[in-house]
Amino acid sequence: MKEGYIKKEDRKKILLITDDIRVHSGVAQVGREIVSNTLHKYNWVQMAGAVEHPDAGQIIDMSEEFKRQVPDVVDPFCLLYPTKGYGDINFLRSVLEREKPDAVFLITDPRYFSWLFHAENEIRNKIPIAYLNIWDNYPAPMYNKEYYESCDLLMGISKQTVNINKLVLGDKGKNKIFKYIPHGLNSKLFNILKDDNTELINFKKNIKLKEDNNFHLIFNSRNIRRKQISNIIMAYKLFIDQLTPEEAKKCQLTLKTEAVFEHGTDLNAVIEYFCDPEICRVGILQHKLTTTEMNLLYNSADGVIQISNAEGWGLSLTEAMLTGTPFIAAVTGGMQDQMRFKDEKDNWIEFNGEFPSNHHGKYKKHGEWALPVYTSASTLVGSPATPYIYDDHHNLNDVVDQIMKLYKMSDKERKSIGEKGYKWARGKEAGFTSEIMSNRVIDAMEELFLTWKPREKYNFLKDTDYEKRILPHKLVY
């Protein structure tokens, strides 16, 4: 029996609202890992979201499936209420009435839950709201203040997010619980394979990796503008131009993404116009891969690259570390957490109002597995829903230099630094595994259940209570 096991009838029940935990999105993956690793402690109900959910209107009992997946929990409880989008207030009310959970647990962008936050008074005078949240960049989003105020427990996926939660709330955060709970993945599914592994050898053939290949760089994410995939192709092309034709033919860039997407670009066209297929070998993997195949993809690589101009976390870097693969990444958002930048005392850096981010490289010492690309310029962009946010931009020459640096390492050197990232990611300090992440969630939820007090039914405000929303941190740092 799993340590800390509680009988089903004695457990607290939590209502999770995020992507359906059966699908393959990043938040669904994290939600599924949290649920499966805490079934011994909590009963789970999910409002299971999808854009156009084929199972909407049904109730799906996942308990038996989890019983097979988690054999050390004999009586797991998990029900799914599939819904279009993330539901609405009327659907939430019906689930609350039927299931009577002890807490609501949210994961994803706060804009998707505005309908819920508008009803927070109604919810929080009965049960608390916990929010596993993330925000990509500064300036601190003061327009999110009401969202954060509507929660009792704020779990920040990145150190930047924890700092943002505190900066935005200011004095309003004095009765909140703040926790740092970075993403964690299943370290049994993502792990290091030996070079002579038969499945790995066959996989390399399937993705047309030549036997004499001596450098394989991969990208794994969506084909959307902020991922900067065209710049990755351009940087790779400029790197290839510095090699002899014989050397270039032994290199490959593999893009695990959509070839064409309306929110990104036509990658086939970019490759055709910029890359001679005989010299500059760039392949696209569009079809879905199982987790086992994704593990093989990372193990086939000498490095992973991610140079997004905005990135809340960057799960491909976590997957890289758990497979012992070094990475090249932009110093932005949660990706900088995974580089373990060190302060003057060699401690993992912390953020505050004076130093909200390391994207300009105040600190240059970092984990050996990371090849960082620092921000060369930030531009302020926005939309009606998010009036302002920085876009971080990176000098292509810096990207090329880091690709070349990784290329010039011997296979032994790359494996050595990759193993250091592997050990740190699985250790207690980082804890980028699903088990450690889930234990941190349990600790946070237990503190919430012990300390939570129902919200007052009414608040009386004066017309002079309006707050000026001045940014609470430096803009130049």
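Restricting attention to the stretch 101-146, the residues that are touching a Phe, Trp or Tyr at 6+ places or on another chain (Cβ under 8 Å) and either of a type in the set (Gly, Ala, Ser) or without any contact (Cβ under 8 Å) to a residue 12 or more places away in the chain (or both) total 3. Just one of the listed residues (LYS345, LYS365) is over 30 Å from TYR143 (Cα atoms), in contact with a Lys or Arg (Cβ under 6 Å, 6 or more places away or on another chain), of a type in the set (Lys, Arg) and part of a loop (DSSP other than H, G, I, E, B), and it is LYS365. Once the stretch 96-112 is narrowed to residues that are under 24 Å from the mean Cα position of the chain (by Cα) and at pLDDT 95 or above, the residue that is farthest from GLY156 (Cα to Cα) is ALA103. Against the definition (of a type outside the set (Asp, Glu) and closer than 20 Å to GLU435 by Cα), how does VAL95 come out, yes or no? When the stated conditions are applied, VAL95 does not pass them.
Taking the criterion of being of a type in the set (D, E, K, R) and under 20 Å from SER316 (Cα atoms), the residues of the stretch 240-297 that qualify are LYS256, GLU258, LYS288, GLU293.
Report yes if some residue within the stretch 70-85 is in contact with a helix residue (DSSP H, G or I) (Cβ under 8 Å, 6 or more places away or on another chain), assigned by TED's automatic domain parsing to the domain that holds ILE17 and part of a helix (DSSP H, G or I); otherwise report no.
Filtering the stretch 70-85 for residues in contact with a helix residue (DSSP H, G or I) (Cβ under 8 Å, 6 or more places away or on another chain) gives 70, 73-79, 81, 83, 85.
Still in the list and also assigned by TED's automatic domain parsing to the domain that holds ILE17: 70, 73-79, 81, 83, 85.
Now drop any that are not part of a helix (DSSP H, G or I), which leaves none.
No, the conditions are met nowhere in the stretch 70-85.
Candidates in the stretch 324-349 are the residues that are over 19 Å from the mean Cα position of the chain (by Cα) and of a type in the set (Asp, Glu); of these, the one that is nearest to TRP424 (Cα to Cα) is ASP346.
Name the residue that is surrounded by the fewest Cβ atoms within 10 Å (Cβ to Cβ), counting only residues in the stretch 445-470 that are at pLDDT below 90 and acidic (Asp, Glu). Within the stretch 445-470, the match that is surrounded by the fewest Cβ atoms within 10 Å (Cβ to Cβ) is ASP463.
Identification of helices (runs of 4 or more DSSP H) wholly contained in the stretch 187-274 with 1 or more residues that are within 25 Å of THR433 (Cβ to Cβ) yields 198-206.
In the set (1) under 26 Å from TYR147 (Cα atoms); (2) in a loop (DSSP other than H, G, I, E, B); (3) of a type outside the set (A, V, I, L, M); (4) without any contact (Cβ under 8 Å) to a residue 24 or more places away in the chain, ARG98 fails one condition alone, (2). Among the residues making up the stretch 378-395, those that are surrounded by fewer than 16 Cβ atoms within 10 Å (Cβ to Cβ), at pLDDT 95 or above and among the aliphatic types (A, V, I, L, M) are LEU380, VAL381.
Which of (1) in a loop (DSSP other than H, G, I, E, B); (2) surrounded by 17 or more Cβ atoms within 10 Å (Cβ to Cβ) does LYS288 not meet, given it meets every other one? Here LYS288 meets the rest and fails (2). The single condition among (1) surrounded by 14 or more Cβ atoms within 10 Å (Cβ to Cβ); (2) of a type in the set (A, V, I, L, M, F, W, C); (3) in contact (Cβ under 8 Å) with a residue 60 or more places away in the chain that VAL74 does not meet is (1). Residues in the stretch 402-421 include none that are in contact (Cβ under 8 Å) with a residue 12 or more places away in the chain, in contact with an Asp or Glu (Cβ under 8 Å, 6 or more places away or on another chain) and assigned to a loop (DSSP other than H, G, I, E, B).
The values are calculated or read from the model by the stated rules, or taken from the named source; none is laboratory data. Given the structure is predicted, the values throughout are model-derived calculations rather than measurements. Methodologically, a virtual Cβ is constructed for each residue, glycine included, from the backbone with ideal geometry; neighbour enumeration extends over all protein chains shown.
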